[in-house]
Structure formats: C-alpha cells, structure tokens
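Okay, structure first, notes after.
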Amino acid sequence: MAEIPRAVLIVVLVLMACVVDAVVFDPLNLPGAPPNLLLLVVAALALVLGPVGGAVTGFFAGLAADVLPPADHLIGRYALVFCLAGYLVGLLHYEARDSVVLALVAVAAAAAVATLLYGALGGVLSDGRVGAQTVVRSLPFSIAYDVLLAPFVVPWVMSLARRAEPKVTRK
C-alpha cells in the first residue's frame with residue numbers, strides 16, 4: 001500500500017466529517033445537540049499529534065465547518081472552539097496512548113468544552129439562538145452522543161494517523 005502524506009489524510013478526514021455532520025447528523029433532529037463527528041476527528045488527531053498539532057488541526061477543521069454550508073454563524077467561531085478543544089485534548093496524547101478510558105474521557109471533555117465555549121461565544125457575540133438555557137440543556141446530550149460515537153471513530157482515526165506518520169530514515 002502506498003503511503004499517503006499525513007496532511008492529505010487530515011484534509012480528507014476533516015472534509016468527510018464535515019459532510020457526514022451536515023448530511024447525516026444535523027437533519028436527525030435528536031434531542032439536544034446532534035453528534036459532532038468533526039469534533040471526534042479533531043480529538044482523535046490531537047491524541048496522536050499532541051497539543052500543537054491538535055490546535056492547528058482544530059483550527060483548520062473549525063474553519064472548514066465555519067465556511068462550508070449550512071454555516072449560519074460568524075466565521076471563526078468553530079475555528080476558535082475546535083482549536084482550543086484540539087489543544088486541550090492534545091495535552092493528553094502521551095497519557096491516552098494506551099488507555100481507552102482516558103481517550104473517552106478526553107472526548108467527553110472536548111465535547112463539554114466545545115459546547116460551553118460555543119455557547120459562551122454566542123453570548124458574547126449576541127447570537128439570540130444560543131442562550132445559557134440552550135447550552136445547559138444540550139450539554140449532556142452533546143457529551144453522551146459524542147462518547148457513544150467515539151469508540152467507532154476515535155480508534156480508527158488514530159490508527160490511520162499513526163500509519164501516516166512520516167518515517168525517519170537515517171543515512
């Protein structure tokens with residue numbers, strides 16, 4: 001199998017997650033917030049890449065979510081939210097390398113941080129659709145959906161990202 005560059009893999013995974021979120025999860029009308037596959041992809045990549053790689057990946061993934069339809073908010077909100085979530089999850093990349101439980105805790109924390117920060121930004125930016133009640137009501141659903149989906153997504157994405165690691169050759 002030919003090796004694909006890690007950057008290409010990340011772009012493909014992020015775009016696929018954006019499309020699945022927009023086409024599959026958003027129209028489901030589940031109680032609370034729908035599952036966020038893009039956040040799971042960012043968290044999984046952050047667990048492999050570390051805090052800086054997680055922040056950079058989160059920023060560009062969030063920017064993609066900000067500009068791709070059906071974006072109905074100010075550009076940059078998801079970029080900031082996913083950048084911070086990617087950084088925080090990336091801080092656990094050494095500890096979560098061999099612990100499935102810690103990886104799930106990291107995903108739950110990322111879902112909580114992303115939901116709370118998105119709601120806080122909505123309040124600061126006077127977004128009438130996102131109030132404190134909405135955030136508090138959707139927070140447990142957001143965490144639960146993402147944690148339930150995580151065992152199917154996170155290990156697979158982490159495995160792909162590890163395989164795409166650049167090989168170091170010595171001369």
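When GLY50, GLY54, GLY32, GLY90 are checked against the criterion of being touching a residue at least 24 places away in the same chain (Cβ under 8 Å), touching a Ser or Thr at 6+ places or on another chain (Cβ under 6 Å) and of a type in the set (Gly, Ala, Ser), GLY32 stands alone in meeting it. Within region 100-159, the set of residues being among the β-branched types (Val, Ile, Thr) and within 17 Å of GLY86 (Cα to Cα) comprises VAL105, VAL107, VAL113, THR115, ILE143, VAL147, VAL153, VAL154, VAL157. VAL105 versus (1) of a type in the set (Val, Ile, Thr); (2) at pLDDT below 85; (3) within 17 Å of ALA43 (Cα to Cα): which is the lone unmet condition? It is condition (2) that VAL105 fails. Taken over region 80-102, residues that are over 27 Å from GLY122 (Cβ atoms) and of a type in the set (Ser, Thr, Tyr) amount to 2.
The values are calculated or read from the model by the stated rules, or taken from the named source; none is laboratory data. Because the structure is a prediction, the values reported are computed rather than measured. Positions of Cβ are backbone-derived with ideal geometry, glycine not excepted, and every protein chain shown enters the neighbour counts.
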